[in-house]
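Below is one structure, written out as structure tokens; the observations come after it.
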Amino acid sequence: MTKISNKFLSDKIRWAAAQLSQLYKPSLTVVSSVLIGSAAVTLWLGGARHLGILEPAELSAYDQMLRWRPDEKPDPRLLIVGITEADIQKLKQWPISDRKIAEILQKLEKMQPAVIGLDVLRDVPLGEGREELTKVLQKSDRIIGVCLVTDGGPDTPGSPPPPGIPANRVGFADFGIDPGGILRRALLFMKPPIIKGDNSVEKHLCNDNFQVLTSFNLQLSLRYLQKYKIFPRLGADQSLWLGKTNLKKLKSNDGGYSNIDARGYQILINYHSRNQVANKVTISDVLQGKVNPNLVKDKIVLIGYTSETVKDIFYTPYSGQQQKNQFMPGIVVHAQVISQILSAVLDKRPMFWFWPEWAEILWIAGWSIVGGTVASRMAHPWKLALTFAAILSGCGAIGFGIFLLGGWVPVAAPALALILTGGSIVSADRFNKSGYGKAITDRVKQVFKIEIDQAQKEQQVADIVESDFFKELQLKKDELKSSKKDTSEKTPSDPQEITVGNVDLPQAQSDADEFLAQLQLKAKQQKQRAAATASESDSKTESAIDPGASASSGETEPDEGFSDLQARAKQMRQRRKADKKIEEEKIDTL
């Protein structure tokens, strides 16, 4: 009873498994096609990202998300003193003289700022007051000057810092510009490149390859953070730490970038605002005493040109889709970076962070699988289009949500993965339903079947050739050929008397032909002899023997011998034909 129940249960399990396999067979086919399409699209997009093909799309998405992000309030720790076109017209000076710069610095210092950043190049005397400016710069320890770093060419040796200012109060004003001229990256540290070619170039701080320079904006930030007892330190991975905040170095493939020039120590600029990063006044306001001292006291004060005629301006992510105010002055960009550093250290505002490369690949593959799955489940084109539009909106919304939290993840690549995988699944389905897919598949199967059958035949022939039976047949064939050759080379013997009762039958074809020729010759001789005997018996008149008997005995003996010879000749022909047939069959078998 137990054996019967176990057999019944096993039969039921096999039947259920067969039903399930039939039920899920179409689903497994769809899943395999989605996974294959997703893997192919993900690999292709990974290669395209590595080659930089998708970088413009990712950077455009970054700029758009930055424009969508709401502006923050002006940073109260900063004050921008701008040199406007109106100031130039009032002072009737271009550029602003050293004396006016010295006067502005003295007025601002009386209001007790935390630090003053002078983003105005003073590498050569401009107008009157060079000595006055030099004395102010040497006397004050709260003024940070700027210089420009060489790019390595003899025609662009860089600009040295103002005279009389020590090296620890100088910062370079250079930025890293992306393709298209848009400013998204800030340099914090760098080592000037070696000037090639001309050795007569005058050496200074910002073209000395043995110096590691600090940026203008970082110098101002570090000086401000000193009152909070926060000082810079390097981690084990050579990353910069300010207190508990890590200003992580930008790598060449972080975010949407692909193999950018990541030399030096760079960070991605987390812009504070598109319009007003800090409070602003003009140098005319400072010279006329119209500035509220509370805007200056314990603040970071930045002095620089805000007029577009000076060309110290940059395209930024905010420049897109704007007819006016497409440029951001360099002094304002420095204020953006300073506000970013101070907010990250003091306000815990996150710096931009990025996923590792393997996580970005999984992110792209996930959206690719979503696109393929949706396309395989929906047949109606309008429903499919609306669903894809909703999913693409969701993909963008998730990417923007991560961006608001400080993360920059790929947006263009997953959107393309979604569309390409879904489109490939739909195209493959239409292709198969049209009948072309089945025809091509059958043709390919037929070609492979022919090739497989041919391969099997070749293998079978190879097996036969290697077999012992075939080798034995080859040996017999060689023996047969040698025996034929030997018999054909033998010299025919002299004619012999043919004994009717005992005739040796030849075994080879040449012997048989020779034997038949002898038989024919003997038969002819017998006929001639019989004719002669008959003539002699007719001419005798007297004989002891009865003429009829003599004639009869004379004819009978040759006729009987001749018949016997004919029978043996026929037998030889039949044997020769049989031997020839056997030989042909052996050759065909081989």
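Does A417 satisfy the criteria of being within 19 Å of V34 (Cα to Cα), open to solvent by less than 30 Å² (accessible area, probe 1.4 Å) and in a helix (DSSP H, G or I)?
Yes.
Got a number for residues in the range 354-407 being charged (D, E, K, R) and within 30 Å of N259 (Cβ to Cβ)?
2
If we scan the range 5-19, do we find a residue that is modelled with pLDDT under 75, assigned to a helix (DSSP H, G or I) and aromatic (F, W, Y)?
Looking for residues that are modelled with pLDDT under 75, assigned to a helix (DSSP H, G or I) and aromatic (F, W, Y), one finds at least one in the range 5-19, hence yes.
I'd like to know if the range 181-197 contains one or more residues that are open to solvent by less than 40 Å² (accessible area, probe 1.4 Å) and either of a type in the set (F, W, Y) or more than 30 Å from Y271 (Cα to Cα) (or both).
Yes: one or more hits.
Condition (residue is touching a residue at least 24 places away in the same chain (Cβ under 8 Å), surrounded by fewer than 17 Cβ atoms within 10 Å (Cβ to Cβ) and either over 16 Å from L78 (Cβ atoms) or aliphatic (A, V, I, L, M) (or both)) applied to the range 331-347: is it met by at least one residue?
Yes, the conditions are met somewhere in the range 331-347.
Is there a residue in the range 76-95 that is open to solvent by 30 Å² or more (accessible area, probe 1.4 Å), within 29 Å of S273 (Cα to Cα), in contact with a helix residue (DSSP H, G or I) (Cβ under 9 Å, 6 or more places away or on another chain) and not in a loop (DSSP other than H, G, I, E, B)?
Checked against the condition, which is being open to solvent by 30 Å² or more (accessible area, probe 1.4 Å), within 29 Å of S273 (Cα to Cα), in contact with a helix residue (DSSP H, G or I) (Cβ under 9 Å, 6 or more places away or on another chain) and not in a loop (DSSP other than H, G, I, E, B), the range 76-95 yields at least one hit.
With respect to R169, determine if the residue is under 16 Å from H334 (Cβ atoms) and among the charged types (D, E, K, R).
yes
Restricted to the range 233-270, and to residues that are part of a strand (DSSP E or B) and touching a helix residue (DSSP H, G or I) at 6+ places or on another chain (Cβ under 6 Å), which residue is surrounded by the fewest Cβ atoms within 10 Å (Cβ to Cβ)?
Across the range 233-270, the extreme among qualifying residues is T245.
Just to be sure I understand, how many residues within the range 146-160 are open to solvent by 30 Å² or more (accessible area, probe 1.4 Å) and at pLDDT 85 or above?
2
Hey, among the residues in the range 214-232 that are within 26 Å of I177 (Cα to Cα) and aliphatic (A, V, I, L, M), which one's most open to solvent (accessible area, probe 1.4 Å)?
L222
Pick from L392, L386, L362: which is under 25 Å from R67 (Cα atoms) and assigned to a helix (DSSP H, G or I)?
L392
Before we move on, is A173 small (G, A, S), modelled with pLDDT of 90 or more and buried (at least 22 other Cβ atoms within 10 Å of the Cβ)?
Criteria met by A173.
Criterion first (outside any helix (DSSP H, G or I), touching a residue at least 40 places away in the same chain (Cβ under 8 Å) and surrounded by 18 or more Cβ atoms within 10 Å (Cβ to Cβ)) does I303 satisfy it?
yes
Tally the residues that are open to solvent by 60 Å² or more (accessible area, probe 1.4 Å) and in a helix (DSSP H, G or I), restricting the search to the range 104-145.
Residues flagged as open to solvent by 60 Å² or more (accessible area, probe 1.4 Å) and in a helix (DSSP H, G or I) within the range 104-145 amount to 7.
Quick check, is P163 assigned to a loop (DSSP other than H, G, I, E, B), of a type outside the set (A, V, I, L, M), crowded, with 19+ Cβ neighbours inside 10 Å and touching a residue at least 40 places away in the same chain (Cβ under 8 Å)?
no
Can you name every residue in the range 271-291 that is within 20 Å of H334 (Cα to Cα) and open to solvent by 30 Å² or more (accessible area, probe 1.4 Å)?
Answer for the range 271-291, where residues must be within 20 Å of H334 (Cα to Cα) and open to solvent by 30 Å² or more (accessible area, probe 1.4 Å): R274, N275, Q276, N279, K280, T282.
The values are calculated or read from the model by the stated rules, or taken from the named source; none is laboratory data. What you see is a predicted model; the values in this text were computed from it and never measured. Reconstructed Cβ throughout: ideal geometry from the backbone, glycine too, with neighbour counts over all protein chains shown. These accessible areas exclude ligands, DNA and RNA; they are computed on the full protein's heavy atoms, side chains included. Shrake-Rupley method; radii C 1.70, N 1.55, O 1.52, S 1.80 Å.
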